[in-house]
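Participant: What follows is a structure written as structure tokens; I'll ask about it next.
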Amino acid sequence: MELGEGMCSLSQAKTCLQQLIDKSDLAPYFHAGDGALPEQKAYTTADVQEAYSNWRSMVLRERIYPTYQKELAAMKVKKDKPKAARQKLLNMVGLTQAKSVIQDMVAAAKLQNLRKSWGIKEQTTSRHMVFTGNPGSAKTTVARLTAKILAEENIIPKSLFIECGRANLVGKYVGWTADIVKKFFREAQGGVLFIDEAYALVEDHHSYGDEAINTIVQEMENKRESVIVILAGYPDKMKKLLDRNEGLRSRIAFHVDFPDDTPEELGEILDLMCEERGYQLTDASREKCASIFEAAVKTPNFGNGRFVRNLLEQATLRQAKRLMETDANIEKEQGLLLLPEDFETLAIPSPTENRIGFCPAKGF
């Protein structure tokens with residue numbers, strides 16, 4: 001039976017599929033009921049060919065090479081076993097409250113799903129969050145990991161992370177802002193919408209920030225089952241935002257504080273960064289960095305993890321210059337070792353208002 005480029009009925013598609021199977025070298029392995037076609041109104045050549053390919057794959061996997069089943073099962077176990085994002089969060093330096101809150105959130109969501117399986121109907125609870133902390137305290141990094149963790153635990157359908165700020169949400173003309181905000185919520189459907197430095201939406205009285213906030217509040221309520229919103233910013237400014245808009249405050253379920261790092265924590269972050277990048281530190285290098293960190297934490301807005309990253313990057317540049325100025329052949333040990341002279345105190349810039357950007361992981 002010939003099947004052209006047009007559409008055909010289910011019976012015609014089945015006949016064509018059976019002819020393909022009969023002509024196949026795998027025909028002896030055919031069992032009654034093989035070659036199911038999806039239920040739809042009409043079928044094309046591509047539909048029949050796809051069903052035939054699926055049948056061949058099934059026969060090879062289950063009837064000719066059944067030992068592959070064990071390998072596939074082992075691969076699945078190996079894939080499902082690690083919870084990479086959760087482990088990465090736990091390995092980060094500090095962030096005790098953030099780790100605790102996210103684990104509590106996961107536990108509560110799992111219990112709620114279990115209660116649903118028991119037939120107990122519950123009203124959907126809010127999962128929106130506020131992250132407060134100074135620059136470089138890993139708010140954005142933890143927000144990204146939160147999306148991955150919730151997907152790993154099957155609390156949200158996919159590991160989707162949409163990031164935006166005031167510049168992305170506020171339109172140029174009246175009526176534009178609400179549509180832009182709703183567009184971001186649609187893009188974040190099934191995942192996490194991260195709004196960085198959200199307080200900036202209401203600081204400029206000549207903008208349409210209030211319209212953006214009002215639309216965000218409305219969408220947080222309408223889509224609380226399908227979108228998790230994380231608002232982030234400086235502690236004092238985020239407090240003013242929440243105090244100003246009670247509707248926004250009432251929709252926040254979790255408030256996570258990201259404290260500044262101590263000199264000891266900055267040292268741990270440096271060790272982790274060096275380990276990840278393959279560098280080694282001498283005891284003298286660690287002592288010098290410790291003195292740099294002691295001075296840095298006394299300076300407002302010193303940058304936390306971002307400060308460590310910049311310090312290390314500058315050190316690697318000085319190391320490269322130091323080594324390349326020598327005539328001797330550079331050994332591997334020399335190329336991996338950072339000496340005290342490679343580290344210099346960084347100038348800490350004054351904080352800039354309304355800065356939209358990501359914070360590096362604390363130790364990554």
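The values are calculated or read from the model by the stated rules, or taken from the named source; none is laboratory data. The shown structure was predicted, so the numbers you read here are calculated from the model rather than taken from an experiment. Positions of Cβ are generated from backbone atoms using ideal geometry, with glycine treated the same way; all protein chains shown enter the neighbour counts. Surface accessibility is based on the protein's heavy atoms, side chains included, excluding ligands, DNA and RNA. Shrake-Rupley method; radii C 1.70, N 1.55, O 1.52, S 1.80 Å.
Participant: Let me spell out the model: positive unit charges on the Cβ of Lys and Arg, negative unit charges on the Cβ of Asp and Glu, origin at the Cα centre of region 236-355. What dipole size does that give, in debye rounded to 20?
Facilitator: On the way: 17 positive and 24 negative charges, 168 e Å.
For region 236-355, the charge dipole is close to 800 debye.
Participant: Quick one: compute the contact order of the chain, relative version, from alpha carbon pairs under 8 angstrom and 6+ residues apart, as a percent.
Facilitator: 18 percent.
Participant: If amide hydrogens are placed 1.01 Å from N in the peptide plane, which non-local residues have theirs closer than 5 Å to the one on Val130?
Facilitator: Under 5 Å from the amide H of Val130 lie the amide H atoms of Leu231, Phe254, His255, Val256, each far enough along the sequence or on another chain.
Participant: Follow-up question, since we're still on this one. Mind checking the angle between helix 176-187 and the chain's longest principal axis? C-alpha axes, 0 to 90 degrees, to the nearest 10.
Facilitator: 60 degrees
Participant: Report, in debye and to the nearest 20, how large the dipole of region 141-276 comes out about its Cα centre when Lys and Arg carry +1 and Asp and Glu carry -1 on their Cβ. Please report the intermediate quantities before stating the final value.
Facilitator: Working: 16 positive and 26 negative charges, 212 e Å.
Roughly 1020 debye for region 141-276.
Participant: I'd like to know which of Phe194, Tyr208, Gly247 lies farthest towards the positive end of the charge dipole of the chain, counting +1 on Cβ of Lys and Arg and -1 on Cβ of Asp and Glu.
Facilitator: Gly247
Participant: Also, quick follow-up: Carbon and sulfur atoms: what percent of the 1.4 Å accessible area of region 258-339 do they account for?
Facilitator: Numbers: 2300 of 4590 Å².
In region 258-339, the share of accessible area belonging to carbon and sulfur is 50 percent.
Participant: Averaged per residue, what accessible surface does the chain expose to a 1.4 Å probe, in Å²?
Facilitator: Counting only protein heavy atoms, the per-residue value for the chain is 55 Å².
Participant: Have a look at Ala138, Gly171, Ala290 and report the one farthest towards the positive end of the charge dipole of the chain, computed about the Cα centre with Cβ charges (Lys/Arg +1, Asp/Glu -1).
Facilitator: Gly171
Participant: For region 83-189, what does the relative contact order come out to in percent, with C-alpha contacts under 8 Å and a separation of six or more?
Facilitator: Reported relative contact order: 25 percent.
Participant: If packing is taken as the average count of other Cβ atoms within 10 Å, what order do 166-174, 140-148 fall into, highest mean first?
Facilitator: Going by the mean number of other Cβ atoms within 10 Å, highest first, we get 140-148, 166-174.
Participant: Select from His31, His128, His255 the residue whose mean-square fluctuation is largest in a Gaussian network model of the chain (Cα-Cα springs shorter than 10 Å).
Facilitator: Of the options given, His31 has the highest mean-square fluctuation.
Participant: Continuing with this model, one more query. State the Cα centre-to-centre distance between region 200-253 and region 116-189 in whole Å.
Facilitator: Answer, in whole Å: 12.
Participant: Then there is this: Which one of Asp260, Asp22, Asp196 has the biggest mean-square fluctuation once the chain is modelled by GNM with Cα springs under 10 Å?
Facilitator: Answer for the Gaussian network model of the chain: Asp22.
Participant: While we're here: Would you mind checking Lys110/Lys237; Lys110/Lys139; Lys148/Lys237; Lys83/Lys116; Lys121/Lys223; Lys99/Lys139 for any pair whose Cα atoms are more than 22 angstrom apart?
Facilitator: Lys110/Lys237; Lys110/Lys139; Lys148/Lys237; Lys83/Lys116
Participant: If you place +1 on the Cβ of every Lys and Arg, -1 on the Cβ of every Asp and Glu, and leave all else neutral, what size is the dipole of the chain about its Cα centre, to the nearest 20 Debye?
Facilitator: 1140 debye
Participant: Which residue, Leu266, Leu89, Leu323, has the most motion in a Gaussian network model of the chain that connects Cα atoms within less than 10 Å?
Facilitator: Between Leu266, Leu89, Leu323, it is Leu323 that shows the largest mean-square fluctuation.
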